[in-house]
Amino acid sequence: MTFAAVDVIRAKRDGGRLSDEQIDWVVDAYTRGVVAEEQMAALAMAIFLRGMDDGEIARWTGAMIGSGSRLSLDVARPTVDKHSTGGVGDKITLPLAPLVAACGAAVPQLSGRGLGHTGGTLDKLESIPGWRAALSLDEIAAQLNSVGAVVCAATEGLAPADKKLYALRDVTSTVESVPLIASSIMSKKIAEGASGLVLDVKAGSGAFMKTVPEAQLLARTLVDIGTAHGVACTALITDMSTPLGRAVGNAVEVAEAVEVLRGGGPADVVSLTVALAREMLALAGISVDPAEVLASGEAYEVWARMITAQGGDPSASLPRPSSVHVVPAPASGVLTSLDAYAVGVAAWRLGAGRARKEDPVQAAAGILCHAKPGDAVVAGEPLLELHTDTPEAIPAALAALEGGFEVGAEAPAATGIVLDTVRP
Ligand code: URA
């Protein structure tokens, strides 16, 4: 069926509901270049302002999946995947994928690069000498069967409508819309073909969703899309008011992930890794305790094989920065807050992230947090360590950190890392 784009735009602009046929047509016609960029920009703004109901969102997601191919991996074990909506210091995929594989599932983790203040998993792994992000479909399937875990770049041809639409939303101020974010994430994840999916929906200053109610709405929408498309999903709402762990950047985050895989690492990273692993294993129907497997060292063994299979040397030294600038604690007391967004922007300015898709990142750039909220600090002792190969970036990073941390007399009330769970 064919429609006129202006009629579809007008229907949504005036608060109407788009029919299944209108949605299928407009997504397909946009992908083929029949609906012009300015028409889709107007429709995205109408959706941003008027929203979509659950049926429209599920259909829109289906149309975006249908714009490309759907992976079908020939893997003997149950496949289960994780998606994070993105945060500061979020290196969880690195210990999680080998941990869940060590417990018996297959984890095809097709990941992206960072944009803005949140880091990208591929950028972090590329700080390991020799590691290769681009794998063919045959290589992905072979590695899933031999190692159980793959973290690699998304293959071409998955949800091309989303690729086009996401770039358009980026330049038309239509990113922060729950129907558009949820359909964008789920179209790619469902096209990747995992039978189970756990969503880590971040809430806080360093996340897309600044408040828990906003994150709950996004989580419910994501889980409902999964259900509508026959993919078993669970979402955890997790804290992103302060960076996850102590390391923010690329090589520093890999080093922290390895600490976790060797049985150490910061408590919040360990706790979230185990919580997500539990949910993934439940979806895969595997009753193994991931905390025990992590402690046994088996997950580290899978990590080493996963890195080696992709050309990396798991025992190679990670890049070190040419400049280190220490920010001392301004007073003695307790660190009462350390703002995720401030630290994320500072790390990005030091060179850990990129402003445009084509920009390079510095493997050694980032920030080490010597204290986390609730920790005692001593005036003049190191609080933050800024790493960079471009020392001229340090003043801009320090400016981003202004007002980003506070020292007081009393520890803030401790909240766990997992704030809520959303199930079908
Ligand atoms: N991540 C996505 O993949 N899509 C969005 O719209 C937002 C975040």
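List of remarks:
- Debye log10 I(q)/I(0) for the stretch 232-297, one point scatterer per Cα, at q = 0.11, 0.18, 0.28 Å⁻¹: -0.29, -0.75, -1.21
- Of the trypsin sites (Lys or Arg not before Pro) in the stretch 320-388, the ones in a loop by DSSP (not H, G, I, E or B) with at most 10 other beta carbons within 10 Å are Arg356, Lys357.
- Cα-centre dipole for the stretch 36-166 with unit charges at Cβ (Lys and Arg positive, Asp and Glu negative), debye to 20: 260
- Dimensionless Rg ratio for the chain, taking C-alpha atoms and the 2.2 N^0.38 Å reference: 0.98
- Spin-label model, Arg13/Asp74: points 7 Å from Cα along the beta carbon direction are separated by 5.2 nm.
- Aspartates and glutamates with Cα under 18 Å of Lys210, excluding same-chain neighbours fewer than 8 positions away: Asp90, Glu176, Asp200, Asp239, Asp339, Asp420
- Among the chymotrypsin sites (Phe, Trp or Tyr not before Pro) in the stretch 28-80, none is located in a DSSP loop while being surrounded by at most 11 other Cβ atoms within 10 Å of its own Cβ.
- Considered as an equivalent ellipsoid built on the Cα gyration tensor, the stretch 1-158 has semi-axes of 37, 18, 15 Å, the largest given first.
- Exposure proxy order (Cβ contacts within 10 Å, fewest to most) of Ser69, Ser187, Ser332: Ser332, Ser69, Ser187
- What the pair-distance distribution of the stretch 80-309 shows, using all Cα-Cα distances binned every 5 Å from zero, is 1, 7, 15, 20, 22, 18, 11, 4, 1, 0 percent.
- Under 5 Å from the amide H of Thr238 lie the amide H atoms of Val201, Lys202, Ala203, Leu419, each residue being 5 or more positions distant or on a separate chain, with H modelled from the backbone and absent for Pro and chain starts.
- Spatially, the stretch 354-375 and the stretch 116-192 are offset by 20 Å when compared through their Cα centroids.
- Within the chain, percent of DSSP bridges classed antiparallel, to nearest 5: 55
- Residues of the stretch 175-205 with an amide N closer than 19 Å to a point placed 7 Å from the Cα of Ala153 along the Cα-to-Cβ direction: 188-189, 192.
- Label zone at Glu176, where the point sits 7 Å out along the Cα-to-Cβ direction: the stretch 217-261 residues whose backbone N lies under 20 Å: 217-222, 238-243
- A simple spin-label model places the labels of Glu301 and Val326 4.1 nm from each other, with each point 7 Å out along Cα-to-Cβ.
- Among the listed pairs Lys12/Lys91; Lys124/Lys189; Lys12/Lys124, those beyond 32 Å (Cα-Cα): Lys12/Lys91; Lys12/Lys124
- With Cα atoms defining each centre, the stretch 268-327 and the stretch 37-113 are spaced 21 Å apart in the structure.
- GluC sites (Glu not before Pro) restricted to DSSP loop in the stretch 112-174 with at most 12 other C-beta within 10 Å: Glu156
- Debye, to nearest 20: dipole size of the chain, +1 on Lys, Arg Cβ, -1 on Asp, Glu Cβ: 480
- Helical contribution to [θ] at 222 nm, DSSP H n ≥ 4, -39,500 (n - 2.57), averaged over the chain, rounded to 500: -13000 deg cm²/dmol
- In this structure, Ala291 and Ser315 have a Cβ-Cβ separation that, at R0 = 25 Å, corresponds to a calculated FRET efficiency of about 0.45.
- Legend: calculated FRET efficiency, Glu402 to Ala267, from the Cβ-Cβ distance at R0 = 30 Å, rounded to 0.05, equals 0.60.
No value in this document is a laboratory result; all are computed from the given coordinates. Quick caveat, the model's predicted, so the values are computed rather than measured. A quick note on method: Cβ atoms are made from the backbone with ideal geometry, for glycine too, and the neighbour counts reach across all protein chains shown.
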